[in-house]
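This report concerns only the one structure given below.
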Amino acid sequence: MPNLSRTPLVVMKTALVFLLAVSLSQCKLPLTFLKFQATQFLKISNTSANCATDLSLLISDLFDMKMWALKMFDATTKLDAGILSGNVHFFGDYDLCVSIKEETKTRTVEGKYCSAIITLNTSFAEVHRQMPKLKNWEKTIFTMLLPGESNDVQGIGGFIGICVPKSCTLGDLETLTGHVESKFKIPIHLSFREELCLYKNKSAKINKLDLLAYCIFIFIGVVLVASTFYDVYLQGSGIFMIFSVHTNLKKALHQAENKNLSCLNGIKVISCLWVIYGHTALIGSIIAKNLVHRLTEWKYWRSSIFACSGHYGVDTFFMLSGLLVSYGYLKNSQKLSTSLIAFYFKRLSRLFPTVVIVVIIQTSLLKLFIDGPYGHLFLDLFIEKCYDNWPSIVFFTFNFMRDFKCAINHLWYLSSDTQMYLLSPAFLFFIRKHPRKVIAGMGVTFLFAVGYSVAVTFMKKLGFTYYDWSNEFAYYLSFSTINHLPSWLIGVFCGYLLQFQNVQIPKKLNIFLLFVSFLSMILLIMNQLSLLEGEYNVYRFAVWNGLARPAWSSALAYIIFSCATGYGGIINSFLSHYVFNVLSKLTFGMYLVHVGMILVIIGNSRQGLLFNNRQLLLYFGEMCACSLPFALLVHLTFEAPLSSLKDYTSKGQKVLADKTN
């Protein structure tokens with residue numbers, strides 16, 4: 001009796017084979033020609049014996065409609081629609097290809113998936129270089145296919161997925177495609193790389209640094225388990241408990257005691273989510289099937305303005321950093337004697353271990369979770385670059401680099417923020433005794449930084465958003481410490497006012513200033529549309545780059561000042577909510593790991609992204625859901641223990657001060 005449960009599957013499989021056979025029969029003439037050409041070429045080429053044998057078997061079995069050959073043909077890319085819309089990534093079927101395994105009487109044929117990089121032949125490219133000036137989006141699409149220029153930040157170049165027998169080496173593939181190019185005068189060149197050719201159970205590329213990283217994480221895991229066991233089961237106490245997951249989790253869920261600045265919790269969480277959303281849109285555009293839409297239409301939509309304004313979230317963090325450094329130092333400097341070395345050590349001891357671990361995670365562990373066509377292109381384009389740049393990252397000089405193609409580009413912020421922290425003693429150590437002189441010096445520095453942003457935009461003819469990206473824009477503006485210095489100085493001044501100035505604000509004046517602050521922030525966001533829609537005007541862009549960020553930070557500083565001095569009302573209640581209090585402790589971890597999560601999620605894609613706001617929101621939700629548990633892990637493993645260790649050190653310093661007095 002036949003197995004009825006398998007009948008639908010058999011019918012479906014038969015129907016699919018029939019459809020594929022029909023598609024092959026429609027192109028029987030070109031396939032017959034291809035069979036003849038391939039057979040002749042295999043006889044005269046220098047293709048390795050194993051590859052030639054497998055290819056001959058593939059050709060004959062394809063015409064005999066054998067399933068494994070049909071799968072290999074089906075898994076290979078067929079050109080898709082939308083090339084002029086920016087769709088230059090042709091995947092084929094990666095999973096189908098690597099699953100192919102055909103046992104013959106003499107050998108086993110397995111599938112190998114290769115992402116072949118598409119470039120234009122040099123002679124063809126030179127002709128097009130001399131064409132009249134192209135529009136920006138046309139230039140971007142064209143540049144993606146130029147030799148040596150394919151890895152533009154707007155995309156990872158064109159590629160096609162080819163399914164071939166595993167026995168074929170890179171040399172075989174280069175020989176075969178080179179023959180086809182010369183035979184038919186094709187202006188397209190396909191290049192192959194070993195790291196972009198994948199097959200089933202291919203081991204990840206592991207180096208000595210990776211092995212060291214695995215040992216470090218095993219050691220950390222043992223310490224966490226031992227400390228948690230010591231805390232929970234042995235009811236222990238002392239410094240060894242600082243690594244207890246149980247204790248650190250309770251601290252993470254505990255309400256913070258500093259109610260004066262509790263409004264910062266909501267601001268940190270909202271700004272962090274804003275930055276993540278902006279990075280999702282920026283990195284997501286790399287795999288866009290409709291890149292032209294992203295370059296020509298999307299950024300002009302009102303619904304896209306929030307993603308295009310993520311740089312304000314970055315400057316929010318610079319302002320908060322200046323405020324917390326100023327407020328914290330001025331609050332505690334009278335109680336505890338602070339030397340310059342101790343001041344710097346406090347910062348570096350908190351950041352350095354966590355940053356080093358995150359660098360190790362994203363250079364050594366990330367590759368274990370990425371699979372598929374895009375994933376290995378990402379590994380080649382972003383991860384491998386990090387091995388060369390890691391000293392500049394862990395020593396906080398990454399924003400001085402010229403080549404920013406690395407999976408941890410976002411750590412430029414820590415470099416800039418640390419450089420500002422190193423500058424802060426010039427103001428903080430003297431502001432108590434000489435407030436007027438120091439504030440005047442801050443004002444001069446503020447004007448110098450604003451002047452720099454105006455001047456560099458004018459001289460380099462730069463844009464103003466991340467979506468007009470170039471390495472020059474990143475080096476001179478986006479990642480520049482000087483460009484963000486005004487926001488940080490506003491935060492320092494705000495922290496000074498909160499600590500020393502008892503300002504009484506009339507209720508009506510406070511409501512008016514809050515209204516002006518929120519209105520200014522809304523106008524700064526919405527006015528970007530007018531800049532985007534109009535023609536490029538270097539004077540407008542220069543003024544905008546010089547003043548927009550300081551204006552944003554000033555408006556936000558007053559909102560914080562109002563909340564911290566008891567005039568915030570419902571705004572303070574919202575920003576100080578318990579949920580924000582808990583999540584704010586994870587913002588640093590989320591910032592560190594979220595780009596890695598974006599690369600993992602997008603890197604495991606089997607097809608390009610149809611770039612629109614709906615898809616971005618779906619990706620954004622997925623990024624947050626994946627980043628949050630890893631951020632909690634970073635907090636419990638590194639942030640909380642380092643904070644507890646700092647508390648032990650502070651207590652010891654207080655005891656020593658009491659004995660001295």
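Quick notes
- Qualifying residue in segment 304-322 (condition: surrounded by fewer than 19 Cβ atoms within 10 Å (Cβ to Cβ), under 19 Å from W488 (Cβ atoms), touching a Leu at 6+ places or on another chain (Cβ under 9 Å) and not polar (S, T, N, Q)): no
- Among residues of segment 605-627, those that are touching a residue at least 40 places away in the same chain (Cβ under 8 Å) and under 15 Å from the mean Cα position of the chain (by Cα), counted: 6
- Cβ separations smaller than 8 Å between residues 6+ apart or across chains give the following pairs from segment 187-209 residues that are under 18 Å from P165 (Cβ atoms) and among the basic types (K, R) to residues that are open to solvent by 80 Å² or more (accessible area, probe 1.4 Å) and not in a loop (DSSP other than H, G, I, E, B): K200/K101.
- From the list L134, L79, L62, the lone residue that is in contact with a Phe, Trp or Tyr (Cβ under 7 Å, 6 or more places away or on another chain), assigned to a helix (DSSP H, G or I) and modelled with pLDDT under 85 is L62.
- Residue that is nearest to S605 (Cα to Cα) [pool: residues in segment 287-297 that are touching a Gly at 6+ places or on another chain (Cβ under 9 Å) and open to solvent by 10 Å² or more (accessible area, probe 1.4 Å)]: K289
- Scanning segment 527-540 turns up no residue that is out of contact with any Cys (no Cβ under 8 Å at 6 or more places or on another chain), among the polar types (S, T, N, Q) and open to solvent by less than 20 Å² (accessible area, probe 1.4 Å).
- Any hit, segment 601-608, residues being among the β-branched types (V, I, T) and closer than 24 Å to L498 by Cα: no
- Segment 497-536, subset of a type in the set (S, T, Y) and in a helix (DSSP H, G or I), residue nearest to H434 (Cα to Cα): S517
- Total residues in segment 271-281, condition of a type outside the set (G, A, S), in contact with a Phe, Trp or Tyr (Cβ under 8 Å, 6 or more places away or on another chain) and at pLDDT 90 or above: 5
- Note on segment 194-238: among residues that are within 19 Å of L636 (Cα to Cα), open to solvent by less than 50 Å² (accessible area, probe 1.4 Å) and not in a helix (DSSP H, G or I), the one that is modelled with the highest pLDDT is G238.
- Helices (runs of 4 or more DSSP H) completely within segment 365-438 that count 1 or more residues being out of contact with any strand residue (DSSP E or B) (no Cβ under 8 Å at 6 or more places or on another chain), buried (at least 21 other Cβ atoms within 10 Å of the Cβ) and at pLDDT below 75: 373-378, 384-394
- Answer from S554, S562 - the residue that is modelled with pLDDT of 90 or more, of a type in the set (G, A, S) and open to solvent by 50 Å² or more (accessible area, probe 1.4 Å): S554
- Among the candidates H179, H189, the residue that is surrounded by 13 or more Cβ atoms within 10 Å (Cβ to Cβ) and in a helix (DSSP H, G or I) is uniquely H179.
- Of all the numbered requirements in (1) out of contact with any Cys (no Cβ under 6 Å at 6 or more places or on another chain); (2) under 30 Å from T169 (Cβ atoms), C197 misses one, and that requirement is (1).
- Residue that is nearest to I267 (Cα to Cα), among those in segment 572-585 that are out of contact with any Asp or Glu (no Cβ under 9 Å at 6 or more places or on another chain) and outside any helix (DSSP H, G or I): S576
- Selection within segment 580-611 - under 30 Å from I83 (Cβ atoms), out of contact with any strand residue (DSSP E or B) (no Cβ under 9 Å at 6 or more places or on another chain) and small (G, A, S): G603, S605
- Taking the criterion of being closer than 18 Å to L377 by Cα and either in a helix (DSSP H, G or I) or touching a helix residue (DSSP H, G or I) at 6+ places or on another chain (Cβ under 7 Å) (or both), the residues of segment 278-290 that qualify are T280, L282, I283, G284, S285, I286, I287, A288.
This table checks each residue for (1) open to solvent by 70 Å² or more (accessible area, probe 1.4 Å); (2) closer than 22 Å to L586 by Cβ; (3) modelled with pLDDT of 85 or more.
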site: R614; (1), (2), (3): yes, no, yes
site: C626; (1), (2), (3): no, yes, yes
site: L632; (1), (2), (3): no, yes, yes
site: F638; (1), (2), (3): no, yes, no
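- Filter result (part of a loop (DSSP other than H, G, I, E, B) and not polar (S, T, N, Q)) within segment 550-571: G566, Y567, G568, G569
- Per-region count, segment 427-439, residues of a type in the set (A, V, I, L, M) and farther than 12 Å from L489 by Cα: 1
The values are calculated or read from the model by the stated rules, or taken from the named source; none is laboratory data. In this text the structure is predicted, and so the values were computed from the model without any measurement. Don't worry about glycine lacking a Cβ; one is built from the backbone with ideal geometry, like all the others, and counts go over all protein chains shown. Only protein heavy atoms, including side chains, enter the accessible area calculation; ligands, DNA and RNA are left aside. Shrake-Rupley method; radii C 1.70, N 1.55, O 1.52, S 1.80 Å.
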